[in-house]
Amino acid sequence: MLFATRFTIPPYMGRSRQLPRNHSSKPLAPPLASHTGSVRSVAFSPDGQILASGGDDGTIMLWNMPGGTPLDRSLTGHSGGVQSVAFSPDGQTMASAGDDKRVILWDMVNDPRLRATLTSHEDVIFSLAFSPDGQTLASSSWDRTIILWDVASGESLVPPMIGHTESVQSVAFAPDGQTLASGSWDETIILWNVTMDHALAVKPLLIGHTGRVRGVAFGPDGHTLASASDDGTIILWDVNLESWQKRACRRANRNLSLVEWQQFFGQQAYRATCPDLAAATE
C-alpha cells in the first residue's frame, strides 16, 4: 500500500471570498486582454522575461514582463483552441497544443517562429511537459494516450503510452527526468518509467480519488506527487522509489523473480532489489 495524505478543499473555495479590508494584495498591472475568447493556459519563460498565453481563439500571445506589454504579433499556427503552452528549461523552445490534435514547437531565439508541427494524437491535446534536460516533450490527450517526443528531431521516441481508460488531463516529469506522472478522467494516476527504449507503467496505479484527476505535480525533491481532482481533494503521494522498495521488501520478504523483473524492467540486467534477501534464480 502506498502512503498518501488527502486534503479536502474548504467549502468556500470555488467562489469569491471576502478578504480583510487591510489586505494589500493588488494586481501588478491591468488585466492583459488581447485574446478574443477564453484563455486556457499560461506559462512563464525560465528567465521570467516572457509570459505566453494560449486561448480558444487559436492564438498564442507573448507578453513582455514585467508590465505585460504585448509583443508586436501573436503566434498563429493552430486551427483550434490552444489548451496548453510550455517552455523548455533553457527557454529556447516553446511548445503549444490543443483542439487541432497537433503539437507545435516554436523557436524562441531572437524572433519567435514556428519550428515544427508534431502529429500523432487522434484527439484534443490537454497537457504538455518538458523533461528537466529539455530533450523530451510529453503530451497527453483525450485519445487516452501519452506521447514522448524528441525535441530536436520532432519524432516520437516510443509508441503511444496506453494505460488510462479515459482522457489524460495532465502530465509532469519528476525532477530527475526518469519518471513521468499522468492523471486521468479515469480517477487514477500512473507513474511511467521513461528511461528505457519503451515507456513502462510502474505498478500499482495510484488510486484514491473518486473524481476525475485534473492535475499532477512533483515536489522539488521528486519524493512527493500531488494530484488534484474533481472530487474536491488534493492527495499527496509518497513516490520515493527507495521507500517503496523498503516497504515492498518487508511485505514480500523476497526479491523479484526473473519473470517479474522482465515485466517491470524489460531487458535491463537483473539485480536484487532487496539487497538483504537472496536474489532470484528463476
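What to note about this one:
- When restricted to residues that are over 23 Å from residue 44 (Cα atoms), not in a strand (DSSP E or B) and not hydrophobic (A, V, I, L, M, F, W, C), the stretch 113-170 contains 15.
- In the stretch 137-169, the residues that are among the hydroxyl-bearing types (Ser, Thr, Tyr) and either within 16 Å of residue 122 (Cα to Cα) or touching a Phe, Trp or Tyr at 6+ places or on another chain (Cβ under 7 Å) (or both): 139, 140, 141, 145, 156, 165, 167
Listed here are the residues, each with its yes/no results for (1) touching a strand residue (DSSP E or B) at 6+ places or on another chain (Cβ under 9 Å); (2) in a loop (DSSP other than H, G, I, E, B); (3) assigned by TED's automatic domain parsing to the domain that holds residue 88.
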position: 37; (1), (2), (3): yes, yes, yes
position: 40; (1), (2), (3): yes, no, yes
position: 43; (1), (2), (3): yes, no, yes
position: 52; (1), (2), (3): yes, no, yes
position: 57; (1), (2), (3): yes, yes, yes
position: 60; (1), (2), (3): yes, no, yes
position: 67; (1), (2), (3): no, yes, yes
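- For the residues 248, 269, the requirement of being within 25 Å of residue 175 (Cα to Cα), free of Cβ contacts under 8 Å to residues at least 12 places away in the same chain, surrounded by fewer than 17 Cβ atoms within 10 Å (Cβ to Cβ) and among the aliphatic types (A, V, I, L, M) singles out 269.
- The stretch 169-191 residues that are without any contact (Cβ under 8 Å) to a residue 24 or more places away in the chain, paired with ones that are surrounded by fewer than 21 Cβ atoms within 10 Å (Cβ to Cβ) and assigned to a strand (DSSP E or B) (beta carbon under 8 Å, 6 or more apart): 178/193
- Screening 45, 41, 88, 96 for residues that are in contact (Cβ under 8 Å) with a residue 60 or more places away in the chain and buried (at least 19 other Cβ atoms within 10 Å of the Cβ) leaves exactly one candidate, 88.
- Matching entry among 209, 198 (being assigned by TED's automatic domain parsing to the domain that holds residue 173, assigned to a loop (DSSP other than H, G, I, E, B), at pLDDT 75 or above and not aliphatic (A, V, I, L, M)): 209
The values are calculated or read from the model by the stated rules, or taken from the named source; none is laboratory data. Note that this is a predicted model, so its numbers are computed, not measured. Cβ atoms come from the backbone with ideal geometry, glycine included; neighbour counts cover every protein chain shown.
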